[in-house]
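Peer 1: First the structure, which I've put down as structure tokens, then a few questions once you've had a look.
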Amino acid sequence: MSFNTICQKLIDAWVATRPEVVSTPEEIYQSVVSMLPTRARLTVFYTSDPSPKEWILSTVKHSRITARILNLDTIFAGGKLGELRDQTYVEEAVLPQYLRAMERKQPTLDSVVTKILGVRVTYDRIILPQKTPGRPEWLVVCTYGKFMAKVPATQLDLDPTDEAIVLALIDGKTSKEIALEVGLSHRTVEHRLDRMKKQIGARSLPHLSALFVCAGFDRTIRFKDQP
């Protein structure tokens, strides 16, 4: 089942509920939970407490993605939102959107690019608040994971020549083509690339390129001549 189909079914179930009748989260997700694909995660947040840190996370269906760099099943096993290990993630990628959905009292769809415990993750998300005349007491949240990768350090010992080399590498050029572009010898370019691989922990040039891309190279890497 595609994420678009999941969203449509969840929204259809949400529309069918009435604000004057007390509804349950199960009414929203019961039609899709058994058909969710491997990358999908379904969670209910119980939001009756005025303090978001006291909200209760209850996972209905874990994703079936196993990754050595990040165990999402352990992180989102359940419990209070304020007890999750990465509170920066909670403050930046969770609370603003959840509070907005509760305020609007409408389903909210978005795509999220964030970090969880230092690992960059990308996922699509739908948030469905309880349909009620008052303040919603629960949210049904379904996410669909798209990408997960270790993120290189944001402070690297790079100069403008390194920057030009990396941008050419990301553009798919070989080390010989990069050497011609930046006016260095082939051996010098390879030496610089080897140094960057060691700094980041990349196993190969494609791995190095992928790590820079997933870090948002042009936005998050600070070079030596920049403040």
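Readers should treat all values here as calculations from the given coordinates under stated rules, not as data from a laboratory. Given the structure is predicted, the values throughout are model-derived calculations rather than measurements. Here the Cβ positions follow ideal geometry from the backbone for every residue, glycine too, while neighbour counts run over all protein chains shown.
Peer 1: Considering amide H positions built from the backbone, and no H for Pro or chain starts, which residues 5 or more places from Val119, or on another chain, come under 5 Å of its amide H?
Peer 2: HN-HN under 5 Å from Val119: empty list.
Peer 1: Quick one: give the max-minus-min coordinate of the C-alpha atoms of the stretch 160-220 along each principal axis, largest first, in Å.
Peer 2: In descending order, the Cα extents are 27, 21, 19 Å.
Peer 1: Compute the signed sum of charges (Lys and Arg +1, Asp and Glu -1) over the other residues within less than 12 Å, Cβ to Cβ, of Ala168.
Peer 2: Taking every Cβ under 12 Å from that of Ala168, the sum is -2.
Peer 1: Starting at the first residue of the stretch 169-177, write each ³J(HN,Hα) from the Karplus equation 6.51 cos²θ - 1.76 cosθ + 1.60 with θ = phi - 60°, in whole Hz, x for Gly and Pro.
Peer 2: 4, 4, 6, x, 7, 7, 5, 5, 5
Peer 1: Counting other C-beta atoms within 10 Å, which of Met35, Met102 has the fewest, and how do the rest follow?
Peer 2: So the residues, fewest neighbours to most, are Met35, Met102.
Peer 1: Something else about it: Take the alpha carbon atoms of the chain, find their radius of gyration, then divide it by 2.2 N^0.38 Å using N residues; give the quotient.
Peer 2: Rg over 2.2 N^0.38 Å, computed on Cα atoms: 1.27.
Peer 1: Based only on other Cβ atoms within 10 Å, what is the fewest-to-most ordering of Asp86, Asp162?
Peer 2: Asp86, Asp162
Peer 1: Sum -39500 (n - 2.57) across every DSSP H segment of at least 4 residues in the chain, then divide by the residue count to get the 222 nm mean residue ellipticity, nearest 500.
Peer 2: -10000 deg cm²/dmol
Peer 1: Exposure proxy check: Thr143, Thr24 ranked by fewest other beta carbons within 10 Å?
Peer 2: Thr24, Thr143
Peer 1: Now a separate question. Provide the FRET efficiency to the nearest 0.05 for the Gln199-Ser111 pair, computing r from the beta carbons and using R0 = 41 Å.
Peer 2: Calculated transfer efficiency: 0.85.
Peer 1: Give me the lysines in straight-line cross-link reach of Lys105: C-alpha distance below 22 Å, same-chain residues under 8 apart excluded.
Peer 2: Within reach: Lys9, Lys53, Lys131.
Peer 1: Dipole magnitude of the stretch 3-150 about its Cα centre, charges +1 at Lys/Arg Cβ and -1 at Asp/Glu Cβ only, in debye to the nearest 20?
Peer 2: 520 debye
Peer 1: For Lys197, give me every one of the lysines with a C-alpha distance below 27 angstrom, ignoring sequence neighbours fewer than eight places off in its own chain.
Peer 2: The reachable lysines, counting only those whose Cα sits under 27 Å from Lys197, are Lys115, Lys146, Lys150, Lys173, Lys176, Lys224.
Peer 1: Given a Förster distance of 45 Å, report the FRET efficiency between Tyr46 and His207 from their Cβ-Cβ distance, rounded to the nearest 0.05.
Peer 2: That gives a FRET efficiency of 0.60.
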